[in-house]
Amino acid sequence: MAQALLEVEKLNVAYGRAHVLFDLDLALGRGEVLALLGRNGAGKSTTLKAIIGLLRAQSGAIRFEGARIDGAAAHAVARLGIGYVPEDRRIFAELTVAENLDVARQKPRPGAPYWTPEALYALFPNLAEMRRRPGGRMSGGEQQMLTIARTLMGNPLLLLLDEPSEGLAPKIVEAMADTILRLKAEGLTVLLSEQNLHFAARVADRAAIIEKGRIRYGGTMAALIADEAAQHAYLSA
Ligand SMILES: Nc1ncnc2c1ncn2[C@@H]1O[C@H](COP(=O)(O)OP(=O)(O)O)[C@@H](O)[C@H]1O
Ligand SMILES: [Mg+2]
């Protein structure tokens, strides 16, 4: 890999005395989609929260465009061009779809796709149809799409998605996969956490598997799909 957009090196994270990430290494090239796979409680959300600056690393390094970001506050990391969509959908329930997008509006960022509400309505046609609807009166899948659209208004270089397919109806899961593939086609780099291997296989170039806070597997998505032993060891229930 030429210079990675994001590099995580020997990351250790604890909640109080509970050590949950152990010497975690990850790297993402520009334009790549990486799936961080693992069972419930493996450490996926903790990894994303540490990258975005919501959790402090005990040790290790996180680099974005070559510069250290571990120790930086979450708002500062966001300003550098990392967008984060947490597991729980955080839309403003009282604001309409259009207002939810407007409050997140940012200046264009060199090297990153530039998003306007109109461009996002083209990407998410169902949001276009309900632009005057309050966020609180949308289905879970629609709220998930709105959360992603709102994060894109920050014109990120890197998008972190925490279990984007979770809790969505099968048809919405397919729409979510198509959306991620279109974002990749725009040149966006994406790190997503997933338990759903089928979904990850549709969208990701590479996979890393985390188990009990340690990376156990790294390779192309195609290699993981062919590796039933690894799937059985680290992913099946
Ligand atoms: N706020 C917290 N305080 C203490 N332990 C936590 C907290 N959040 C998560 N954990 C623990 O950290 C481990 C990893 O959790 P998490 O990163 O949420 O896993 P995943 O997202 O893969 O399901 C789990 O053992 C979980 O119980
Ligand atoms: Mg999680």
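Between helix 170-185 and the chain there is an angle of about 80 degrees, using the helix long axis and the longest principal axis of the Cα atoms.
From largest to smallest, the equivalent ellipsoid semi-axes obtained for the chain from the alpha-carbon gyration tensor read 28, 21, 17 Å. Length gained on full extension, T220 to F92, computed as 0.36 nm times the residue gap minus the Cα-Cα distance: 42.3 nm. Maximal additional length on extending the R109-D227 stretch stands at 38.5 nm, based on 0.36 nm per residue less the C-alpha distance. Taking trypsin sites (Lys or Arg not before Pro) as exposed when their DSSP state is a loop state and no more than 11 other Cβ atoms lie within 10 Å, the longest site-free interval of the chain runs over 133-237. Here the gap between R39 and S236, fully extended at 0.36 nm per residue and compared with their Cα-Cα distance, gives a gain of 70.1 nm. Which shape class, rounded, prolate or oblate, goes with the range 131-186 when its Cα gyration tensor gives a ≥ b ≥ c as root eigenvalues, a/c under 1.5 marks rounded, and past that a/b bigger than b/c marks prolate? Verdict is oblate for the range 131-186. Each residue, R137 and A73, gets one label point 7 Å from its Cα in the Cβ direction; the gap between the two is 3.7 nm. Applying both filters, DSSP loop and at most 13 other Cβ atoms within 10 Å, to the GluC sites (Glu not before Pro) of the range 78-184 gives E94. The count of lysine pairs in the chain with alpha-carbon distances below 28 Å, taking only pairs 8 or more places apart or on different chains, stands at 12. For the pair E166 and L54, a Förster radius of 25 Å applied to the C-beta separation gives a FRET efficiency near 0.85, rounded to the nearest 0.05.
Only the coordinates and a few stated rules stand behind these numbers; no lab work does. Keep in mind that this is a model prediction, so the values were computed, not measured. When we count neighbours, we look across all protein chains shown, and the Cβ atoms used for this are built from the backbone with ideal geometry, even at glycine.
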